[in-house]
1. So which residues in region 15-61 are outside any helix (DSSP H, G or I) and farther than 21 Å from Leu121 by Cα, if there are any at all?
2. Within the group Ser115, Ser66, which residue is part of a helix (DSSP H, G or I), within 27 Å of Arg36 (Cα to Cα) and free of Cβ contacts under 8 Å to residues at least 40 places away in the same chain?
3. Out of all the residues in region 78-86, is one or more within 22 Å of Ile16 (Cβ to Cβ) and surrounded by fewer than 17 Cβ atoms within 10 Å (Cβ to Cβ)?
4. Need pairs with beta-carbon distance below 6 Å; first residue under 30 Å from Gln163 (Cβ atoms) and within region 84-105, second of a type in the set (Val, Ile, Thr) and in a helix (DSSP H, G or I); sequence gap 6+ or separate chains.
Amino acid sequence: MNIWATVFYVAISLLIVVAGYALGKVIRHALIRLLRRTGFNDWFRNLNIGRVLLRSGYTAGEFFGSIAAWITYIVAILLAIAYLALNLSYAEIYQLAFNILNIYIYGFIKFFIISIIGFILVDSFVEYIYKGALSKSEVIVSAVAEYIRIILYLVVITFALEQGGINVTTLSMMLTPITWGLAVAVVAVIVAETMRRK
């Protein structure tokens with residue numbers, strides 16, 4: 001193959017990576033500014049998942065912006081590899097790059113979006129339980145609400161993994177005894193609290 005053609009293909013591949021890096025940076029800064037200006041950061045920190053992010057040192061905008069940027073970087077690298085492999089007649093590498101893009105990256109994006117939306121809905125529902133039961137025993141309400149939160153988190157994660165293309169049959173089988181164990185623990189807390197009040 002002509003050496004200048006190879007140099008040209010390598011240069012285009014590097015350009016794709018650089019463009020992807022620049023685009024990732026733009027997306028990250030745009031998401032950070034958008035979520036800060038719309039008040040999403042303040043709203044998100046009221047949820048359990050938002051408080052976890054804050055303790056790890058991220059606002060919602062920084063977290064989502066970083067995830068979007070890294071996905072953009074990886075996609076750009078894979079596209080550059082695929083372009084170079086296609087033009088240099090490395091069909092196996094070309095196919096591998098697109099398989100990673102189509103299966104793993106796309107699967108991760110689906111898993112991430114479903115997980116975040118699911119966690120937000122679960123946290124909102126549990127907070128509703130807390131607010132609607134202020135007059136009841138704090139210990140009992142807390143035990144039941146946290147039990148519901150954990151179970152729904154597990155359901156969300158299982159569903160998100162399944163939609164992301166991962167076989168969750170074994171995970172589903174493992175979750176059954178965990179669910180029953182948590183149910184027994186919650187019942188024990190409720191019974192103990194009831195006996196203490198008598």
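1. Ser56, Gly57
2. Within the list Ser115, Ser66, the selection yields Ser66.
3. Quick first cut of region 78-86, residues within 22 Å of Ile16 (Cβ to Cβ) only: 78-86.
Add one more test, that the residue is surrounded by fewer than 17 Cβ atoms within 10 Å (Cβ to Cβ), and what stays is 86.
Yes; the residues of region 78-86 include at least one that is within 22 Å of Ile16 (Cβ to Cβ) and surrounded by fewer than 17 Cβ atoms within 10 Å (Cβ to Cβ).
4. Ala85/Ile93; Ala97/Ile81
A short reminder: the numbers here are calculations on the coordinates, not readings from a lab. Just so you know, these numbers come straight off a predicted model, no measurement behind them. Because the Cβ atoms are built from the backbone with ideal geometry, glycine has one as well, and the counts that use them run over all protein chains shown.
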